[in-house]
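The values are calculated or read from the model by the stated rules, or taken from the named source; none is laboratory data. Since we're looking at a predicted model, the values are computed, not measured. Every residue, glycine as well, gets a Cβ built from its backbone with ideal geometry; the counts of neighbours run over all protein chains shown. Side chains are part of the model used for accessible areas, which takes the heavy atoms of the whole protein and leaves out ligands, DNA and RNA. Shrake-Rupley method; radii C 1.70, N 1.55, O 1.52, S 1.80 Å.
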Amino acid sequence: MKICSEIKHGNFVKYNYCPKLFTTKIAEFVDNAFEVIKTYESEYKRNLLTLMLTRFIISTRPFGHFSTLKYSQLIDQGKIEEALSDRMYVNNNLRQIYHPYHQLKKIAKDINYGVMANGQENKVTQGDVFDFIKNIKADILYMDPPYADTASYEESYNVLDNILDQKVEKPIVSNFTKKDTLDFIDKMLSESTHIPYWVISMGQTNPEKGIKPEELLEVVKKYKTEAKVDI
């Protein structure tokens, strides 16, 4: 696997996140792999390899979280038995001990299963949700905004964003995770009235926080009077 071949590279991950988040071996591998990806001429291959490496990074983190735990330090210190003593984190820690090739091979297989031709033009975009909705034509709009009054994706995955951008920056938190998120959902829905059907996902991590189903339904019914909640 070419992504495992050695190449001259910087030490961004090793310098910033080792050993508080990654073992020395994994940090060096990730730094090297990102540099190898740059050598591919095909943009499609670069994107797929970046996806594979991103999924590998997440696989080494307990529940995909980038909180600082003791296990990377223990592995670097050679205290393998102690690092594997907690069954809850054993799989993540094993991925920091074994050579990345084995996990990458599995991830690559999963990604390749997801690449297929369906006879349609398919697009993926990234941008401001309000600008995007205004300019699309669709029969169904599926909306899955971040849960209100919870830890934001921007904060939870700030380390991953920094690794991909190769610079350390503080996250800019989305308005959809703030307490006044219903106002932003209302605005989003008001921009979506040209689309006939809506499907909206919304959840709560704490029944005393966030948006209750009846609150969301009340806002949706301003635009879709026949809306209903399925819990």
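At-a-glance table
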{"quantity": "R0 of 25 Å, Cβ-Cβ distance LYS228-VAL129: FRET efficiency to nearest 0.05", "calculated": "0.60"}
{"quantity": "In sequence order, calculated HN-Hα J values of the stretch 217-227 (Karplus, 6.51, -1.76, 1.60; Hz; x Gly/Pro)", "calculated": "4, 4, 5, 4, 5, 5, 10, 10, 5, 8, 5"}
{"quantity": "Per-residue ³J(HN,Hα) for the stretch 184-198, Karplus 6.51 cos²θ - 1.76 cosθ + 1.60, θ = phi - 60°, Hz, x for Gly and Pro", "calculated": "6, 5, 4, 4, 4, 5, 5, 7, 10, 5, 7, 9, x, 10, 10"}
{"quantity": "Charge dipole (debye, nearest 20) of the stretch 1-128; +1 at Cβ of Lys and Arg, -1 at Cβ of Asp and Glu", "calculated": "180"}
{"quantity": "Surface accessible to a 1.4 Å probe, per residue, for the residues of the chain, Å²", "calculated": "66"}
{"quantity": "Candidates PRO213, PRO62, PRO19, ranked by Gaussian network fluctuation over the chain, Cα under 10 Å, top entry", "calculated": "PRO213"}
{"quantity": "Most mobile listed residue (LEU104, LEU217, LEU74) in the chain, GNM with C-alpha springs under 10 Å", "calculated": "LEU217"}
{"quantity": "Under the Debye formula (equal points on every Cα, no solvent term), log10 I(q)/I(0) of the stretch 1-93 at q = 0.11, 0.17, 0.24 Å⁻¹", "calculated": "-0.34, -0.76, -1.21"}
{"quantity": "Among GLY64, GLY114, GLY203: highest mean-square fluctuation, GNM of the chain, C-alpha pairs under 10 Å", "calculated": "GLY114"}
{"quantity": "Principal-axis tilt of helix 43-59 within the chain, Cα atoms, nearest 10 degrees", "calculated": "80"}
{"quantity": "Cα centre as origin, Lys/Arg/Asp/Glu Cβ charges: the chain dipole, Debye", "calculated": "700"}
{"quantity": "Positive minus negative residues near ASN11 (Lys, Arg vs Asp, Glu; Cβ under 9 Å)", "calculated": "-1"}
{"quantity": "Protein accessible area in the stretch 44-201, 1.4 Å probe - carbon and sulfur %", "calculated": "52"}
{"quantity": "Kirkwood Rh, angstrom, the stretch 92-181 [1 / mean 1/r, Cα pairs]", "calculated": "17.2"}
{"quantity": "Gained length - SER190 relative to MET1, 0.36 nm times residue gap less alpha-carbon distance", "calculated": "63.2 nm"}
{"quantity": "Potential lengthening between LEU160 and ASP180 on full extension [0.36 nm per residue; Cα-Cα distance subtracted]", "calculated": "4.5 nm"}
{"quantity": "Over the chain: helical MRE at 222 nm, DSSP H runs n ≥ 4 each giving -39500 (n - 2.57), nearest 500", "calculated": "-12500 deg cm²/dmol"}
{"quantity": "Calculated P(r) of the stretch 51-200 - Cα pairs past 29 Å, %", "calculated": "39"}
{"quantity": "Restraint check, LYS25/LYS79; LYS8/LYS38; LYS79/LYS170; LYS8/LYS70, Cα-Cα greater than 22 Å", "calculated": "LYS79/LYS170; LYS8/LYS70"}
{"quantity": "Residues ALA117 and LYS79, FRET efficiency given R0 of 45 Å [Cβ-Cβ distance, rounded to 0.05]", "calculated": "0.35"}
{"quantity": "Charge-dipole axis of the chain as Lys and Arg at +1 and Asp and Glu at -1 on Cβ define it, positive-most pick from PRO62, VAL124, LEU182", "calculated": "PRO62"}
{"quantity": "Other-chain or far-sequence residues with amide H under 5 Å of TRP198's (modelled H)", "calculated": "LEU141"}
{"quantity": "Loop-located GluC sites (Glu not before Pro) in the stretch 72-159 whose Cβ has at most 10 other Cβ within 10 Å (DSSP)", "calculated": "GLU121"}
